[in-house]
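One structure is given here, and the rest of the page talks about it.
The values are calculated or read from the model by the stated rules, or taken from the named source; none is laboratory data. Everything numeric in this text was worked out from a predicted model, so none of it was measured. Virtual Cβ from ideal backbone geometry, glycine too; neighbours counted across all protein chains shown.
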């Protein structure tokens, strides 16, 4: 893997908003609040509290979500198929070299269920500038960007936001590279480090994603936040 030199993490101004208490939310309730802003301090406070932003509807108000159950990919549970192994041999991975391009790839308006708008792009680009948001890029032999993923890392939490593929298995290759990076970091081999994927879908389940109840997620999050970052 090739990576851009890591930026020093800059702690932003704290959020002025009182965010929802995920631990006090009724079981199964996922949308816990609407409004606030996407300032860096607000975003980091949200992830530290088990929340993440997503518009309630396309171009609609920003919602703050805490799925119950929560989708997690155990770092020792990634399923790697034969076709994925072949793709790993022909594609190259880079880290933090094309963050904006990856987010734009994930925001492709032709994709079903697209939710990444200009507000999200601007907010996470700023988080990237401050050293908190990261991208995993997948490139063809000629260097062309053909897939990737992005997310937010705070301590031992990596909150995956979205991924995309322009060729077969490209997003899966990005996920394999991310898992390898996280496993190699302190706490990555003893289940303290978290790879949060928000919701478990059939596609993600085929890769090894499991569901955990929100109270269990919040307890694991508290531990993970105390670990050093992997990026």
Open item on the list: For region 107-128, which positions are touching a helix residue (DSSP H, G or I) at 6+ places or on another chain (Cβ under 9 Å) and closer than 29 Å to residue 228 by Cα?
Closed with: 116, 120, 121, 123, 124, 125, 126, 127, 128
TODO: Can you tell me which residue among 77, 156, 147 is touching a residue at least 12 places away in the same chain (Cβ under 8 Å) and surrounded by fewer than 21 Cβ atoms within 10 Å (Cβ to Cβ)?
DONE: 77
Open item on the list: Condition (residue is touching a residue at least 40 places away in the same chain (Cβ under 8 Å), more than 19 Å from the chain's Cα centre (by Cα), outside the structural domain of residue 96 (by TED's automatic domain parsing) and under 26 Å from residue 98 (Cβ atoms)) applied to region 12-29: is it met by at least one residue?
Closed with: yes
- [ ] Scan region 186-205 for residues that are crowded, with 18+ Cβ neighbours inside 10 Å and without any contact (Cβ under 8 Å) to a residue 60 or more places away in the chain and jot them down.
- [x] 187
Open item on the list: Checking the conditions here, which among 109, 74 is at pLDDT 95 or above and over 12 Å from the mean Cα position of the chain (by Cα)?
Closed with: 74
TODO: Return the total of residues in region 42-74 being touching a residue at least 12 places away in the same chain (Cβ under 8 Å) and over 17 Å from residue 201 (Cβ atoms).
DONE: 20
